[in-house]
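The values are calculated or read from the model by the stated rules, or taken from the named source; none is laboratory data. Predicted model only: the values in this text are computed from it and were never measured. Positions of Cβ are backbone-derived with ideal geometry, glycine not excepted, and every protein chain shown enters the neighbour counts.
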Amino acid sequence: MKKPMLFMILTAILGLVVMPANIQAQKVHTDLHIDTSTGNRIATHMAAGGGWSSLILLVNLGTTIANYTVRIYGDTGSPQVFPFKNTTTQTDLGMQSVLTGIIPVGGMVSLKAQDVASSTTTGWALSDPSSTGVIGGAVVFAYQTGQQAVVPFEASSSQKFELIFDNTNGSALGVALVNPEATSVIVSVVFRNYLGATLLSDQIAMTPREHTSFILADRYPALANQFGTAVFSTTSAANAIVGLGILATPGPPGGAFTTVSSLQSE
């Protein structure tokens, strides 16, 4: 696949979360077992339209009936409507930014943001703490070629984390960052090659609840044909940020892509 097409696909799928500060201990690793009564849980990306659709899957992991409330937000942090369908019951839900319902013990629900618009709208999903029970879930976003990637609901903010990147052999990594706090933050980033040598560094200023997304080799040409790590950090745990990588590889039809989770960094 030609690189301009690869970059277009990455640009289309990158989205980022704007979420309230998580009251739980800071961590970056996925937690699919969600006690929704103890804090906010988010899926960092969803997209619909322009060839994209997103399927929200929620599972009742507990021993009592679960009541869910899922709120959908756009890239700016405002409520974002999507054309939803409950694929479990085959019910058209119309344009919605808030989804509610119950999940029986051992059951699940499947809510799809459909590909009906000509342009792509991106956003994120919040499993609201008003939900009850123990609910696990993920968002599966898919392109019309059949390629898919999964973003689990998780609590994933950290003062410092790393992303592995690989821009060799036609592959490209896209990065999405979010400042989930109500204050501005300066994000420092250091890029290193596989030997640990520093390639370059930068600072990214982010306003309250802002997100930014970019293709590494596009924003930083020196990272073309390189592979290594990107270390993102802020000055304090109070300014914890959220990060997500999307790796795209060449090949028809439209190549393949997958999400890249952040790794805890000391």
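Evaluation of Asn179 against the conditions (1) polar (S, T, N, Q); (2) farther than 19 Å from Thr87 by Cβ; (3) surrounded by fewer than 22 Cβ atoms within 10 Å (Cβ to Cβ) shows that the sole unmet condition is (3).
For the stretch 154-176, the candidate set comprises residues that are modelled with pLDDT of 80 or more and of a type in the set (Ser, Thr, Tyr); within that set, the residue that is surrounded by the fewest Cβ atoms within 10 Å (Cβ to Cβ) is Thr168. Among residues of the stretch 246-266 being more than 17 Å from Ile215 (Cα to Cα) and within 19 Å of the chain's Cα centre (by Cα), the one that is modelled with the highest pLDDT is Leu263. Scanning the stretch 62-86 for residues that are hydroxyl-bearing (Ser, Thr, Tyr) and either touching an Asp or Glu at 6+ places or on another chain (Cβ under 9 Å) or modelled with pLDDT of 95 or more (or both) yields Tyr68, Thr69, Thr76.
Taken over the stretch 131-153, residues that are within 12 Å of the chain's Cα centre (by Cα) and surrounded by fewer than 22 Cβ atoms within 10 Å (Cβ to Cβ) amount to 5.
Under the condition of being of a type outside the set (Val, Ile, Thr) and more than 15 Å from the chain's Cα centre (by Cα), the residues counted in the stretch 55-83 number 12.
The condition (being buried (at least 17 other Cβ atoms within 10 Å of the Cβ), modelled with pLDDT of 85 or more and either within 18 Å of the chain's Cα centre (by Cα) or over 16 Å from Asp166 (Cβ atoms) (or both)) is satisfied by just one residue among Leu216, Leu223: Leu216. When residues in the stretch 182-214 are screened for being touching a residue at least 24 places away in the same chain (Cβ under 8 Å) and either farther than 19 Å from Glu266 by Cα or not assigned by TED's automatic domain parsing to the domain that holds Ala240 (or both), 15 of them pass. Looking for something outside the structural domain of Thr207 (by TED's automatic domain parsing), surrounded by 23 or more Cβ atoms within 10 Å (Cβ to Cβ), farther than 26 Å from Thr64 by Cα and not aromatic (Phe, Trp, Tyr) - is there at least one such residue anywhere in the stretch 82-98? Taking every residue of the stretch 82-98 in turn, none turns out to be outside the structural domain of Thr207 (by TED's automatic domain parsing), surrounded by 23 or more Cβ atoms within 10 Å (Cβ to Cβ), farther than 26 Å from Thr64 by Cα and not aromatic (Phe, Trp, Tyr).
Does Asn179 qualify as being in contact with a strand residue (DSSP E or B) (Cβ under 6 Å, 6 or more places away or on another chain) and in the same structural domain as Thr234 (by TED's automatic domain parsing)? Criteria met by Asn179.
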